[in-house]
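Below you'll find the structure, written out as structure tokens, and then a few comments.
Please treat every number below as a calculation from the coordinates, not as lab data. Owing to the predicted nature of the structure, the values given are computational and were not obtained by experimental measurement. Here Cβ is always computed from backbone atoms with ideal geometry, including for glycine, and neighbour counts include all displayed protein chains.
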Ligand code: SF4
């Protein structure tokens with residue numbers, strides 16, 4: 001059975017922006033936080049916001065204080081003013097595309113145009129749009145209503161941003177034939193249009209379609225309608241747990257699509273659940289998947305990768321004494337990654353629920369593993385010399401204090417009290433720690449050449465930075481819920497992808513040039529495969545909707561092991 005996830009499934013730009021604004025406000029402000037009406041139409045996201053202390057305000061009180069976020073759908077201008085008058089600080093999370101429709105309406109209403117809004121009467125976006133028409137607005141939901149309207153001297157037609165494109169095309173024809181004097185603006189958001197087109201296509205090509213999204217979400221209901229018209233088996237559920245998966249058994253191919261307010265973790269969960277059910281049919285692949293998940297969850301594969309990277313970094317510096325540092329890297333990275341996973345249980349509840357469950361249920365065991373392996377790494381580094389031991393010791397202390405409040409209260413710094421609070425800290429610190437343990441520690445005990453050590457450090461840190469940031473992109477929504485720690489949650493997905501590509505190209509150039517000039521072992525030429533492979537994966541992740549995070553993690557982490565294999569051969 002084949003499972004396809006629609007590339008357009010999940011948060012659209014406007015919804016993502018609104019949710020990020022709400023989470024950012026909650027992570028940075030101690031004021032009471034409200035959304036005026038549900039921020040978006042998705043109960044799971046609203047639950048997360050409620051857990052973060054963001055409540056929903058359904059009526060505007062006369063006097064109040066705190067911060068109110070205006071929903072992605074927008075509100076009428078009168079209500080916005082009422083919020084200000086009540087004493088709230090208002091954060092406008094209205095989608096910029098909805099703001100554009102509001103401006104078209106306001107501009108034409110001021111010039112005495114009648115405003116025809118094609119949309120659902122009860123939808124909050126439409127209610128907000130009508131507010132900008134200064135009493136000249138009419139809401140039209142079907143062709144009959146349109147035909148019943150009187151002839152106007154001048155009228156402007158706009159659409160709710162999530163309207164059905166085929167219905168709007170009919171209205172364009174109606175204007176052309178009956179009212180060529182009316183102005184018409186196709187204000188359907190291109191994200192909606194693409195989502196609807198893709199839903200039609202995947203529904204045509206698959207036996208069963210699962211539409212994920214809030215039961216109140218207009219755009220999700222429309223996707224369901226579009227898919228149903230193809231005559232295929234279609235289910236609309238908010239969460240995959242609502243669906244009896246045995247109903248999917250007759251299908252040879254399943255497509256998953258989702259409304260604009262459905263978060264990634266709901267889509268990944270649906271994919272995982274269906275994938276698990278399929279695995280039951282094939283014992284071999286089931287066992288292989290279990291081994292893969294074990295290696296990834298316990299970080300054994302990643303730590304072997306750290307050993308391999310150390311081996312490769314030592315070899316490009318022409319060191320002899322390699323294996324002890326390979327072992328130090330293995331134990332140190334295993335200890336720190338397990339610690340990292342213990343700290344990340346909260347965000348893993350969304351990004352990687354299986355891992356969260358494993359670490360939550362075996363908290364003590366993993367805490368003990370962290371201590372034993374950390375101590376083993378320190379002991380081994382002690383045998384290589386006091387300087388490398390001291391450096392590893394300081395790095396371990398930094399890792400342990402990552403989540404602790406280390407800024408004394410008398411300094412009055414509220415926003416950044418822990419290392420964790422520094423924007424992007426997690427990604428940068430992981431990369432620097434890897435760079436140090438894989439190339440600087442061996443260089444210290446081998447009295448290495450400063451230039452070749454700097455090149456090895458740049459290669460290792462750059463590659464790990466790109467890899468970590470890429471994995472952070474896949475888990476960005478869960479990370480945002482728990483606060484800004486990663487580079488993608490700080491600078492956003494698009495900029496992160498650009499930074500990752502630049503880093504990968506830079507380290508490829510560094511490896512080629514320095515190998516050419518014999519500044520490092522000619523192994524450097526061959527190691528270029530790693531950043532190039534990562535570059536390819538980055539391009540894929542940028543273009544496609546990632547369905548199985550585990551699959552990508554496996555490929556990405558295996559990249560480090562390839563470094564060791566190449567170093568062993570050359
Ligand atoms: S569907 Fe389009 S208009 Fe509506 S919130 Fe999303 S990006 Fe904005």
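When its C-alpha radius of gyration is set against 2.2 N^0.38 Å (N residues), the range 94-192 gives a value of 0.97. With equal scatterers on the alpha carbons only and no solvent term, can you work out the Debye log10 of I(q)/I(0) for the range 11-95 at 0.25 1/Å? Values returned for q = 0.25 Å⁻¹ are -1.31.
Taking N as the residue count of the chain, its C-alpha radius of gyration divided by 2.2 N^0.38 Å amounts to 1.12.
Spin-label model, residue 368 to residue 183: label points 7 Å out along the Cα-to-beta-carbon direction sit 7.4 nm apart. Going from the fewest other Cβ atoms within 10 Å to the most, the residues 162, 230 appear in the order 230, 162. Scaled against the 2.2 N^0.38 Å expected of a compact globular protein of N residues, the Cα radius of gyration of the range 1-147 reads 1.17.
Distance between the modelled labels on residue 107 and residue 134, one decimal in nanometres: 1.5 nm (7 Å Cα→Cβ projection). With Cα atoms as the point set, the range 290-569 shows a radius of gyration and Dmax of 18.2, 57 Å. Put in line by how crowded their Cβ is, counting other Cβ atoms within 10 Å and starting with the fewest, 434, 174 read 174, 434. Given their separation in residues at 0.36 nm each and the Cα-Cα distance between them, residue 422 and residue 174 gain 83.6 nm when the chain is fully extended. Using C-alpha pairs under 8 Å with a sequence gap of at least 6, the mean separation divided by the residue count of the chain gives a relative contact order of 13 percent.
Which FRET efficiency value, to the nearest 0.05, do you get for residue 320 and residue 277 by plugging their Cβ-Cβ distance into 1/(1 + (r/R0)^6) with R0 = 35 Å? Plugging the Cβ-Cβ distance into 1/(1 + (r/R0)^6) gives 0.10. Here each label is just a point 7 Å from Cα along the line to Cβ, and for residue 390 and residue 205 those points are 6.1 nm apart. Per residue, the convex hull around the alpha carbon atoms of the range 236-296 comes to 95 Å³. Within the range 11-95, antiparallel bridges make up roughly 0 percent of the DSSP beta bridges whose residues both belong there. Of all DSSP beta bridges confined to the chain, the antiparallel ones make up roughly 0%.
Taking the fewest neighbouring Cβ atoms within 10 Å as the starting point, the ordered list for 83, 391 is 391, 83.
Each helix, a run of at least 4 DSSP H residues, gives -39500 (n - 2.57); summed and divided by the residues of the chain, these come to -19500 deg cm²/dmol at 222 nm.
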